[in-house]
Ligand code: ARG
Ligand code: ZN
């Protein structure tokens, strides 16, 4: 039953052109499709024509203009079959009826509020009409849309507008044509009544493009930042990758009901409005950064995804990993490269490392799947991006750029594979990449074991690096990978040492980068009087784990002196981890040296955003991941809290100075430097409050009242949420009153309450599930409450009495019949159940079994439950 990569076969038919006709209606939308088909010379001769379908009402079919009798074809809920189609080219016309209002899955044609919109990736197009719903069936599309002018004055589809006009009875129409061949997952349609902003853009070669963003009426001003980001992204792609836009218009539509972040439909991106709308009063700095990143991501897909698409869904990382890499690079250029890298690695570890360590682990390019929607994962996206980044590191920026150039030229207009992609770099770098390619096929996070030895007699320091990758589902044996490792050595005074060796690859080593491609490699550094501190995996040069933990003295030295900001930050995290796990083991801690180190960092650093990150300690979820087994969330919570108390107390004076120095003045600006100052201020306040609750409450309340922007407002509310009491409840009440009409802000209000780490939160979440503003049908709202509870409140989600799992699983079971993709995604929160201590492990397993036992469970959710339990 699973679909396997090795079974790939080209389609038996090709679709040269598609003409679509939509007559929009709330519950009976008529869809006529006219397909110009012919046999694929690469297909099986004599094969029947089988089209995919899902939940369609077939009205009529005709072949070359003649209506087909019912006996001439077979049709079931999932397909349409012509047993003996003509041998030569033919025209097939199919008319179906779909009900957009009843479509609560948000896949296919559905309604968000009063608007019509579509989501076709991965397999939503078959919910609109019978089609070859596979990414290697490329065709050019012409789309005519008719609707009531009063209901939907705006009618959009892919490509350029070719015609529009009025019809009888208050109806009107628009015809769109997309000249670029594309698979149907990139099809889009929007009908509705929306406001917009527009801007003219001229590409490097002189094409005039009209950029428009459509949003709910009255929210136009909140799209300005997205527009600004779009323009910057378009310019950047021209400069960095030589990629220009290729149509006369580029449209973005924001909708409130969306399963994912956004979708790169050709010329008509459709977005979760959370990644479009931003204003100082309603969006935090992190929201602004996310808008910028997602706008760029979807735009970059125009080349990496649309002009060059995927042969099959196993190749998803070909477009997603590469496009994430591109958007990461864009954000790094727009903001602080170091801060961006640190944040990306935090996300990678929190999502991908956890996925890789559990039952849902899969290769970046999976070799089988049951439900493709469940493979839009951190592994495909984030680890996929890391592979591209390593490729750049491994072959160098120049060969990488030439390889990308070859890729864009050679594969334009095609549906490509990972092999196609790698072949471009093998060519540009004149290098074999077959071992490197294992990163795509081998799941699991590699462990690099580090052993050092210093011999005072010979003054030789030797560094031995050994790699291994733990087994993952279906992959017991692992092969060595090519792991790029950036490294440096520091002496006791913090001086960076020259990397002199007698190694065959002495040059490479002298540059501070090596490649670990065998199981073990030893480097010998002569002429060292004492053992240096080793800074490894600088810049997080590979998605690997280092073992064993680095010693405290070395970490303190790196915290003070490492000139790689990533590893300097890593030193702060590792010191925190050491301390927290010592506390978990019941050891007495003072942490004076750590506090001193942080104090010095605070006084010496002139990068507030970086300092803020160094003062943000590993979250409880990070701790659980680091521990990896026998996790007791209560113990981790208590130990982390104790460390924050100690440090908040010890650093009180430094933190107070930060607050004084960084009190916000003047108008809000979302730029990275201003955001960095706000981040440091708010982290300092939160840590201060951890050390002195009374003072913290007072300061946080004042900050909450004085805040002129959402970043400060929400941060203050977050600190108040932790300190508790009346101050907290008053602030939550005021926050609600002020933003009751603003759903994206109310999402934050739900989330923050769900993460309060105290017993009463379970009751609070149950009440919030019954709140008049709560709805299981809106993905953003459901995730705001349930996703935040599961991911951001370990002590309550994993409550000893099972109450957290109970409410969560009840909700997943109620969501599933309406929106399987959403239910399946939420359920992945239980994937690490095996790492829990035995009592909770049993409760979590029971919870998963309760989901798996639902007889009507959707395929998507069943796939997650089954794999999680396997
Ligand atoms: N291609 C989109 C993006 O990454 C994501 C769409 C995923 N949709 C889905 N149903 N899984 O930008
Ligand atoms: Zn994407």
Note on residue 694: of the conditions (1) modelled with pLDDT of 95 or more; (2) in contact with a helix residue (DSSP H, G or I) (Cβ under 8 Å, 6 or more places away or on another chain), unmet is (2)
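For the stretch 460-499, how many residues are in contact with a strand residue (DSSP E or B) (Cβ under 9 Å, 6 or more places away or on another chain) and farther than 30 Å from residue 868 by Cβ?
Number satisfying all stated conditions: 22.
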The number of residues in the stretch 454-477 that are in contact (Cβ under 8 Å) with a residue 24 or more places away in the chain and under 30 Å from residue 491 (Cβ atoms) is 12
### Task
Restrict the check to the stretch 652-669 and report whether at least one residue is surrounded by 23 or more Cβ atoms within 10 Å (Cβ to Cβ) and out of contact with any helix residue (DSSP H, G or I) (no Cβ under 6 Å at 6 or more places or on another chain).
no
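Conditions (1) farther than 21 Å from residue 455 by Cβ; (2) crowded, with 20+ Cβ neighbours inside 10 Å, marked per residue:
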| site | (1), (2) |
| --- | --- |
| 467 | yes, yes |
| 470 | yes, no |
| 475 | yes, no |
| 496 | yes, no |
| 505 | yes, no |
| 519 | yes, no |
| 532 | no, yes |
| 546 | yes, no |
Discussion item. Going by what's in this entry, would residue 282 be described as touching a residue at least 60 places away in the same chain (Cβ under 8 Å) and surrounded by fewer than 23 Cβ atoms within 10 Å (Cβ to Cβ)?
Written reply: yes
Condition set in a loop (DSSP other than H, G, I, E, B) and within 16 Å of ligand 2 (Cβ to nearest atom), scope the stretch 241-266, selection farthest from residue 820 (Cα to Cα): answer is 243
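Determine, yes or no, whether residue 152 is more than 16 Å from ligand 2 (Cβ to nearest atom) and free of Cβ contacts under 8 Å to residues at least 60 places away in the same chain. Show your work before the answer.
On the way: more than 16 Å from ligand 2 (Cβ to nearest atom): yes; free of Cβ contacts under 8 Å to residues at least 60 places away in the same chain: no.
Criteria not met by residue 152.
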Within the stretch 755-770, of all residues that are over 13 Å from residue 798 (Cα atoms) and in contact (Cβ under 8 Å) with a residue 12 or more places away in the chain, the one farthest from the chain's Cα centre (by Cα) is 766
From the option list 341, 311, 335, single residue qualifying as touching a helix residue (DSSP H, G or I) at 6+ places or on another chain (Cβ under 9 Å), closer than 23 Å to residue 246 by Cβ and more than 16 Å from ligand 2 (Cβ to nearest atom) is 311
All-but-one check, residue 21 against (1) loosely packed, with under 15 Cβ neighbours inside 10 Å; (2) in a strand (DSSP E or B), failing number (1)
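Which residues, counting only those in the stretch 732-763, are assigned to a loop (DSSP other than H, G, I, E, B) and either more than 23 Å from residue 805 (Cβ to Cβ) or touching a strand residue (DSSP E or B) at 6+ places or on another chain (Cβ under 7 Å) (or both)?
740, 741, 742
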Scanning the stretch 406-421 for residues that are over 19 Å from residue 137 (Cα atoms) and touching a residue at least 24 places away in the same chain (Cβ under 8 Å) gives 407, 408, 421
The number of residues in the stretch 121-133 that are under 15 Å from residue 15 (Cβ atoms), assigned to a loop (DSSP other than H, G, I, E, B) and within 15 Å of ligand 1 (Cβ to nearest atom) is 2
Note on residue 291: of the conditions (1) away from ligand 1 (no atom under 15 Å from the Cβ); (2) part of a helix (DSSP H, G or I), unmet is (1)
Note to self: Would you confirm whether or not the stretch 205-222 contains a residue that is within 15 Å of ligand 2 (Cβ to nearest atom) and surrounded by 18 or more Cβ atoms within 10 Å (Cβ to Cβ)?
What the structure shows: no
Condition check: assigned to a strand (DSSP E or B), touching a residue at least 24 places away in the same chain (Cβ under 8 Å) and surrounded by fewer than 20 Cβ atoms within 10 Å (Cβ to Cβ). Does residue 109 satisfy that?
no
The lone condition residue 376 fails out of (1) more than 12 Å from the chain's Cα centre (by Cα); (2) within 14 Å of ligand 1 (Cβ to nearest atom); (3) closer than 24 Å to residue 861 by Cα is (1)
Scanning the stretch 240-286 for residues that are within 22 Å of residue 316 (Cβ to Cβ) and out of contact with any helix residue (DSSP H, G or I) (no Cβ under 8 Å at 6 or more places or on another chain), the one nearest to ligand 1 (Cβ to nearest atom) turns out to be 260
The correct count of residues that are surrounded by fewer than 19 Cβ atoms within 10 Å (Cβ to Cβ), in contact with a strand residue (DSSP E or B) (Cβ under 8 Å, 6 or more places away or on another chain) and part of a strand (DSSP E or B) in the stretch 64-92 is 7
Counting only residues that are in a helix (DSSP H, G or I), over 15 Å from the mean Cα position of the chain (by Cα) and either crowded, with 24+ Cβ neighbours inside 10 Å or more than 12 Å from ligand 1 (Cβ to nearest atom) (or both), the stretch 301-317 contains a total of 2
Quiz item: Is at least one residue of the stretch 320-340 within 30 Å of residue 116 (Cα to Cα), touching a strand residue (DSSP E or B) at 6+ places or on another chain (Cβ under 8 Å) and not in a strand (DSSP E or B)?
Solution: yes
In the stretch 421-449, anything surrounded by fewer than 17 Cβ atoms within 10 Å (Cβ to Cβ) and assigned to a strand (DSSP E or B) is listed as 447, 449
Among (1) part of a helix (DSSP H, G or I); (2) within 16 Å of ligand 2 (Cβ to nearest atom); (3) farther than 30 Å from residue 748 by Cβ, residue 390 falls short only on (2)
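The values are calculated or read from the model by the stated rules, or taken from the named source; none is laboratory data. Because the structure is predicted, anything quoted here is derived from the model rather than measured. Methodologically, a virtual Cβ is constructed for each residue, glycine included, from the backbone with ideal geometry; neighbour enumeration extends over all protein chains shown.
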